[in-house]
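What follows is a set of notes on a single structure, which appears directly below.
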Amino acid sequence: MTDYRAKGYWRDRTLGQLLTDSAKKWPDRTALVDGDRRWTYAELERWADRVAAGLHRKGISRNDRVIVHLPNVAEFVALSFGLFRVGAVPVYALPQHKTTEIEHLTRVAEPAGYFGSAQDVPDADPVTLDGPDPDDVALMLLSGGTTGLPKLIPRTHNDYDYNARASAELCGLDENTVYLAALPIAHNFALACPGILGTFHAGGTVVLTTSADPETAFPLIEREGVTVTALVPPLALVWLDHGGRTGLKLLQVGGSRLKEEAARRIRPELGCDLQQVYGMAEGLLNFTRLDDPDEVKVTTQGRPMSPDDEIRVVDGELQVRGPYTITSYFDGDHGSFTEDGFYKTGDLVKFVGDNLVVDGRKKDVINRGGDKIPVEEVENLLLSHPRVHDVAIVGVPDEYLGERTCAVVIPHGTAPTRRDLVEHLQALGVADFKLPDRVRIVTEFPRTAVGKVDRKAL
Ligand code: J2J
């Protein structure tokens with residue numbers, strides 16, 4: 001096994017120290033902007049210490065798991081650093097998540113607390129804390145990449161510090177960077193690829209927004225002098241259709257496949273450089289490089305970030321092992337890892353030169369413009385409707401989102417309408433992106449030779 005510490009990837013720095021290091025180097029630079037509120041690095045550092053003390057006083061301690069269910073607001077940042085300093089582990093729910101998802105997380109994570117609003121964030125006069133070990137789990141992300149219910153992805157201080165640091169370097173971030181967090185910072189991409197943690201590492205400024213609409217984001221980019229941001233492909237299309245140059249220098253796009261036609265429009269129409277990112281919360285990040293030829297930037301999803309990312313393709317599927325890729329989920333391996341410790345991504349890829357192109361998937365996940373829908377979870381929820389005898393969710397191609405969902409239903413008695421099913425799911429409390437876009441009623445499913453539902457044929 002590669003010694004990631006000896007090779008300098010794991011530097012035994014906690015994520016709490018990441019902020020302290022930057023506060024020492026750049027105390028008076030602006031670290032964070034949320035609406036009219038602004039914090040220098042020194043101020044954010046002090047706030048993080050106060051939140052850590054508040055958490056400690058509430059009885060939250062090292063290794064406790066805590067659900068963080070907040071949108072892109074400054075309190076998310078202060079709470080996260082407070083938890084990192086205590087050594088407690090934020091479990092990041094997405095802002096779109098509702099009761100069904102939160103209940104599932106609660107069952108798996110057995111959390112000591114839940115933070116669902118900015119007002120929940122406690123503070124107190126700073127106290128001395130032991131803090132975590134750099135090899136401890138720092139945070140947990142939700143898997144968008146695997147079949148079944150969302151799984152918890154434990155990321156350590158060491159691996160995530162490397163993740164943020166190396167992506168910041170690869171993207172050329174420095175203290176003049178202004179990063180707009182337009183995607184949810186609860187998600188890996190905007191959190192650390194390089195996202196807000198990479199920006200803090202580099203001494204730049206993070207600007208938060210809860211809306212990525214051009215009407216909100218474009219004026220903010222101009223006002224704050226934003227230089228870099230990250231979007232999923234459908235949002236990139238919205239920005240293209242709105243049009244206009246903003247001064248943005250680099251646009252990262254990832255989460256689902258960006259069509260070549262859209263990719264080609266980015267530099268001429270938005271006036272910024274494009275970087276494709278093919279990442280996963282489980283670890284591996286692929287980026288096109290800033291000095292790649294345009295052809296590579298528009299037609300591929302880039303190549304691994306680390307020289308020690310070991311990738312291989314088995315039966316078309318990408319497998320990976322490396323300094324920031326997990327080797328197990330929080331509660332076991334769920335069949336997603338090989339004997340020799342590679343993560344099975346479920347993505348079908350091919351190489352174009354050194355670069356990867358994502359060509360399809362093996363797993364039962366529908367990628368609705370970057371929002372990952374675990375098919376089985378939604379099917380099980382729909383099965384609890386009294387007029388659903390059986391159901392299969394399939395992806396249908398869509399110009400804008402890449403794919404949308406269709407629920408193919410075998411009814412029990414009178415067929416339910418889409419409205420009936422949507423209301424049923426809403427009553428259960430599930431994220432809106434999981435609601436089926438269409439419903440088709442059938443009398444039976446096509447089956448494969450072994451009798452499984454033939455989703456391709458559907
Ligand atoms: C095609 N499919 C992609 C891409 C992810 C950066 C960017 C994205 C994520 C992410 C991330 C894709 N083209 N460019 O964590 O740090 C699909 C693949 C992958 C799955 C992972 C980051 N970029 N995908 O999307 O954990 O199927 O992470 O396995 O949410 O998204 O989903 P997730």
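Just so you know, all these numbers are worked out from the coordinates, no wet-lab data involved. Since the structure is predicted, the reported quantities are computational estimates derived from the model, not experimental observations. Every residue, glycine among them, receives a Cβ derived from its backbone with ideal geometry; neighbour counts consider all protein chains shown.
Could you tell me which of rounded, prolate or oblate describes the stretch 365-441, using a ≥ b ≥ c as the square roots of the eigenvalues of the alpha-carbon gyration tensor, with rounded for a/c under 1.5 and, failing that, prolate when a/b is larger than b/c and oblate otherwise? Each step should come with its number before you reach the end.
Numbers: a/c = 1.99, a/b = 1.59, b/c = 1.25.
Verdict is prolate for the stretch 365-441.
For the chain, what ratio Rg/Rh do Cα atoms give with a Kirkwood hydrodynamic radius? Could the numbers behind the result be given before it?
Working: Rg = 21.9 Å, Rh = 22.7 Å.
The Rg/Rh ratio comes out at 0.96.
To one decimal place, what Kirkwood hydrodynamic radius in Å is obtained for the stretch 40-101 from all pairs of distinct Cα atoms? Intermediate values should be presented prior to the final figure.
Values: mean 1/r = 0.0831 Å⁻¹.
By the Kirkwood definition, the hydrodynamic radius is 12.0 Å.
With r as the distance between the Cβ atoms of Asp174 and Ile410 and R0 = 51 Å, compute the FRET efficiency 1/(1 + (r/R0)^6) and round to 0.05.
0.30
Each residue of the stretch 268-274 in order: what ³J(HN,Hα) in whole Hz does its phi give by Karplus 6.51 cos²θ - 1.76 cosθ + 1.60, θ = phi - 60°, with x for Gly and Pro?
Values, residue by residue: x, 8, 9, x, 10, 7, 9 Hz.
What number, in percent, do you get for the relative contact order of the stretch 15-361 if the mean sequence gap of Cα pairs under 8 Å and at least 6 apart is divided by its residue count?
Numbers: 768 pairs, mean separation 46.2, N = 347.
For the stretch 15-361, the relative contact order is 13 percent.
Could you work out the local net charge near Arg361, counting Lys and Arg as +1, Asp and Glu as -1, over the other residues with Cβ closer than 11 Å to its Cβ?
Working: positive: Arg257, Lys362, Lys363, Lys372; negative: Glu317, Asp347, Asp359, Asp364, Glu403.
My count for the surroundings of Arg361 gives -1.
For Arg5 and Val238, calculate 0.36 nm times their separation in residues minus their Cα-Cα distance, and state this gained length in nm to one decimal. Let's see the in-between values first.
Details: separation 233, 0.36 × 233 = 83.88 nm, distance 4.26 nm.
Net length gain for the segment: 79.6 nm.
Rg and Dmax of the stretch 1-155, Cα atoms, in Å?
My reading of the Cα-based Rg and Dmax gives 16.0, 49 Å.
Over what distance in Å are the Cα centres of the stretch 69-129 and the stretch 275-345 separated?
28
Run the simple label-point estimate for Asp28 and Ser61 please: 7 Å along Cα→C-beta, distance reported in nm.
Here the modelled spin labels are 4.2 nm apart.
Which residues does a label at Thr99 reach in the stretch 367-406, if reach means a backbone N under 20 Å from a point 7 Å past the Cα toward the Cβ?
Within reach of a label on Thr99, which here means backbone N under 20 Å from a point 7 Å along Cα→Cβ, the stretch 367-406 contributes 377-387.
Tell me the Kirkwood hydrodynamic radius of the stretch 111-195 in angstroms, computed as one over the mean inverse distance between distinct C-alpha pairs. Can you show the working numbers first?
Details: mean 1/r = 0.0645 Å⁻¹.
Hydrodynamic radius (Kirkwood, Cα pairs) of the stretch 111-195 is 15.5 Å.
Cα convex hull of the stretch 204-257: mean projected area in nm², to one decimal? Don't skip to the end; give the middle numbers.
Working: hull surface 15.0 nm².
Answer in nm², one decimal: 3.7.
In nm, what is the difference between 0.36 nm times the number of residues separating Glu444 and Ala124 and their Cα-Cα distance?
Values: separation 320, 0.36 × 320 = 115.20 nm, distance 6.11 nm.
Gain on extension, Glu444 to Ala124, equals 109.1 nm.
Any chance you could run the full-extension gain for Leu428 through Glu260? It's 0.36 nm times the residue separation minus the Cα-Cα distance, nm to one decimal.
On the way: separation 168, 0.36 × 168 = 60.48 nm, distance 3.84 nm.
Working it through step by step, the gained length comes to 56.6 nm.
List, in order, the whole-Hz ³J(HN,Hα) value for each residue of the stretch 211-220 obtained from phi through the Karplus relation with A = 6.51, B = -1.76, C = 1.60 and θ = phi - 60°; use x for Gly and Pro.
Along the stretch 211-220, the couplings run 10, 9, 4, x, 4, 8, 6, 4, x, 5 Hz.
Could you grab the relative contact order for the stretch 365-441? Cα pairs under 8 Å, six or more apart, rounded to a whole percent. Don't jump to the answer; show the numbers that get you there.
Details: 127 pairs, mean separation 23.7, N = 77.
Computed over the stretch 365-441, the figure is 31 percent.
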